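Down below is the structure, laid out as structure tokens.
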Amino acid sequence: MDFKNDLLEKSTYLNTAYTGLTSNALQKWRTKTDQEFASSADHFKSVQAKILETNSHKQMATFLDAKVSETFLTTSCSAGLQSFLFKIPKASKFLLLEDDYPAIKQIVAEHQFEYAEISLRFEVELSVLKALREGRFQVFAFSAVQYNSGLLFDMNFLKLIKKEFTNLIVLVDGTQLIGAESFSFNQSAVDGIFGSGYKWLLAGHGNGFMCIKESLMNQLGISQVEIIDLLDRGHKSPLAIGSLGFAVEQLLSNDFEALIKKKKELSSFLFQGLKGRGLLEDFVAVRKHHSSIFTIKANSKVFEKLMKENIRCIQRGIGVRLSVHFYNTQKDLDKFFRVLDQIAK
């Protein structure tokens, strides 16, 4: 994919997990679409905005391998989760992961659900299974990819969990997963997935999605229309929603699986380089499969030096967080390791 963004020419951008880049093509589309709104106003809202939303809806359903009737557009991951939890029975007890994305715990607590947390251990999947066997939980809610460590939860393991706990509701924050990894909602054991478009989907801010299995709707006794009513309590920006459809269509039309293959090759190189230098947390270093997000053991001086060398990253968790996408190159990683090794001398 010939992805162009001026920042890729001006910097070494290793910060997609914080904010993904938007393509020059999307920026031009947004400018053109905003001009159409300025010149047609009410007509744009009543006609063009609906066309944009319909297209984005279909593109997301295709991208996620989900039914259109199971797919919904939101303004963000948190907005979708916050709204949907109104439909979860109040007596439900949630199982959460410690140090997960803060909004998950905050939203669960604000809805006054009872919850328990387990720590991210060396075999987190087995820890989850153990906790489910020892406690009575109705919902397991977590991020598929941990925003601090980059730990990628084994999504296939969820099938074993669901086989044993058939009525367990599995809700997933997929913001750091969708667009970064291959995922089929239809083939997964996930009951509901929520995400924002501004990271790995490269769609800019103000848009998101959620997919809810028909089986979960039936279990909760709710309909597609009721979910739509929940999400329509407020305005969505046609420009933001349209951007999601445009960005996802770009990914689909440029062989997304090939793009992910390239990203994984870069991620593997980065993982081995960091592991060899002893910069990863122990429970991350032993994982067979990891995401494209890495937090290294580093102090503020290392972060400042990286920023001085125009290597875009962010401070998180134990030190500095890096992330790579398909638009990164081997040259980016070679520069990063060169600077990192110079700092270590």
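Return the tail of the calculated pair distribution for the stretch 26-253, meaning the percent of Cα-Cα pairs more than 32 Å apart. Percentage above 32 Å: 19. Each Lys and Arg Cβ is given +1 and each Asp and Glu Cβ -1; about its Cα centre, the chain then shows a dipole of about 780 debye. Distance cut-off 21 Å, Cα to Cα: go down the list LYS28/LYS262; LYS308/LYS335; LYS105/LYS163; LYS264/LYS288 and report the pairs above it. Over 21 Å Cα-Cα: LYS28/LYS262; LYS105/LYS163. At the listed q of 0.19, 0.24 Å⁻¹, the Debye profile of the stretch 252-345, built from one uniform point per Cα, gives log10 I(q)/I(0) equal to -0.91, -1.35.
When the P(r) of the stretch 38-130 is calculated, the portion above 24 Å amounts to 48% of the C-alpha pairs.
Entry note, the stretch 26-253: relative contact order of 28 percent, from Cα contacts under 8 Å with a spacing of 6+ residues. Taking only the Cα atoms of the stretch 103-223, the ratio Rg/Rh comes out at 0.94, with Rh defined as the Kirkwood radius. Place +1 on the Cβ of every Lys and Arg and -1 on the Cβ of every Asp and Glu in the chain, take the dipole about the Cα centre, and give the residue among ALA17, PHE283, TRP29 whose Cα lies farthest towards its positive end. Comparing the listed Cα positions along the dipole, PHE283 ranks first. Each of PHE84, PHE122, PHE37 was scored by other Cβ atoms within 10 Å of its Cβ. Arranged with the fewest first, they read PHE122, PHE37, PHE84. Here the chain carries DSSP beta bridges of which approximately 50% are antiparallel, counting only pairs with both residues inside. A Gaussian network model of the chain, with springs between Cα atoms under 10 Å, assigns the largest mean-square fluctuation among THR54, THR166, THR75 to THR166.
Inter-label distance, LEU126 to LYS275: 1.8 nm, where each label sits 7 Å from its Cα along the C-beta direction. Out of every Cα-Cα pair that the stretch 175-292 contains, those further apart than 20 angstrom amount to 58 percent. Footprinting exposure proxy ranking of ILE193, ILE107, fewest other C-beta atoms within 10 angstrom first, gives ILE107, ILE193. Each peptide in 209-216, 131-138, 176-183, 334-341 was scored by the mean count of other Cβ atoms within 10 Å over its residues; highest first, the order is 176-183, 209-216, 334-341, 131-138.
The numbers here are math on the coordinates, done by the rules we state, and not lab data. The structure displayed is predicted, hence computed values, not measured ones. Backbone-built Cβ (ideal geometry, glycine too); neighbour counts: all protein chains shown.
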